[in-house]
Amino acid sequence: GSVREAMRILETQGLVSTSVGRNQGRRAISPSQEVVGNSIDFFIRGRRVSFSSLMETFETLAPSISALAAANRTDADILALKECQENLKVTLGAQRFVQANLEWHVAIGRAGHNPLLSAIYEGLGPNLMDPHVAGFTSKEVRVAARHAVDSIQDSVLAGDVDAARRKMLSHVQAYRRMVEPLAPRTVVLKSTDAN
């Protein structure tokens, strides 16, 4: 019973798969970005990490990840980044904007080609942009984010590592100044209402 329960938990976490039929059995699965993201999300919400701590972490990671993207981006990454940038330009609704913005940040993380940093970065993203908190997706925030994305992306596509780092830091700091006063003090569990 204990082994079955352990296997069920591992399967739920995406670390084991079960097959049925002639070749039935269980096999280990290489952890995906999603597994890392879920663990980070669980830690953040379970420990009720403060929004300011999240922003400090983001301010530390985002500029370095942008610099890596400028140094390591491939032709496929450039296409993905341009597509994400276009999605941000045509997005009008606040909720869709949050998704498009997250997709752009994910593309930046992946363009750095450091799977650990990318997984951590992706895990943080959804906790930083909560569309249910008034003001997180105000028109002012959306316009500022679009301008920042254009500027950062120009540096990444040009391969300008220092400019990509500097512009991302400026963007994250500006975002923090705009939304931190509106943010809940802590990130709450999804089953409860946001503060």
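The values are calculated or read from the model by the stated rules, or taken from the named source; none is laboratory data. Being a predicted model, the structure only gives us computed values, none of them experimental. Here the Cβ is made from the backbone with ideal geometry for all residues, glycine too, and neighbour counts use every protein chain on show. These area figures cover heavy atoms from the full protein model, side chains too; ligands, DNA and RNA do not enter into them. Shrake-Rupley method; radii C 1.70, N 1.55, O 1.52, S 1.80 Å.
Using unit Cβ charges (K, R positive; D, E negative) and no other charged atoms, how large, in debye to the nearest 20, is the dipole of the range 1-81 about its Cα centre?
Here the range 1-81 has a charge dipole of around 540 debye.
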Relative to the chain, whose Cα atoms define the longest principal axis, helix 75-90 and its Cα axis are tilted in degrees, nearest 10, by 70
Mean separation of Cα contacts under 8 Å (at least 6 apart) over the residue count of the chain, i.e. the relative contact order in percent, is 30
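Accessible area per residue for the chain in Å², computed with a 1.4 Å probe and the full protein assembly in place, what is it? Intermediate results must be reported in sequence, preceding the final value.
Details: 10990 Å² over 195 residues.
Using a 1.4 Å probe on heavy atoms only, each residue of the chain averages 56 Å².
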Between the alpha carbon centres of the range 60-87 and the range 1-25 the gap in Å comes to 36
Among (1) 1.08; (2) 1.03; (3) 1.78, the value of Rg/Rh (Cα atoms, Kirkwood Rh) computed for this structure carries the label (2)
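Give me the percent of accessible area attributable to carbon and sulfur for the chain, probe 1.4 angstrom. Let's see the in-between values first.
Details: 5970 of 10990 Å².
Percent of accessible area from carbon and sulfur atoms in the chain: 54.
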Residues whose modelled amide H sits under 5 Å from the amide H of H113, counting only those 5 or more places away in sequence or on another chain, are none
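For the range 25-114, compute Rh as the Kirkwood radius over C-alpha pairs and then the Stokes-Einstein diffusion coefficient at 10 °C and 1.306 mPa s; write the answer in µm²/s, rounded to an integer. Write out the running numbers ahead of the final one.
On the way: Rh = 15.1 Å.
In µm²/s, the coefficient rounds to 105.
Tell me the trypsin sites (Lys or Arg not before Pro) within the range 3-50 that lie in a loop according to DSSP and have at most 14 other beta-carbon atoms within 10 Å.
Hits after loop and neighbour filter: R22, R47, R48.
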Excluding residues fewer than 8 positions from K82 in its own chain, the aspartates and glutamates with Cα under 13 Å of it are E103, D150, D154
If one compares the long axis through the Cα atoms of helix 94-111 with the longest principal axis of the Cα atoms of the chain, the angle in degrees, nearest 10, works out at 80
Magnitude of the Cβ-charge dipole (Lys and Arg +1, Asp and Glu -1) of the chain about the Cα centre, nearest 20 debye, reported as 480
The long-range amide H neighbours of V16, using H built 1.01 Å from N in the peptide plane and a cut-off of under 5 Å, are E11, I29
Whole-Hz Karplus couplings 3J(HN,Hα) for the range 39-52, θ = phi - 60° and coefficients 6.51, -1.76, 1.60, Gly and Pro as x, run 5, 5, 4, 4, 5, 4, 6, x, 8, 6, 4, 5, 4, 5
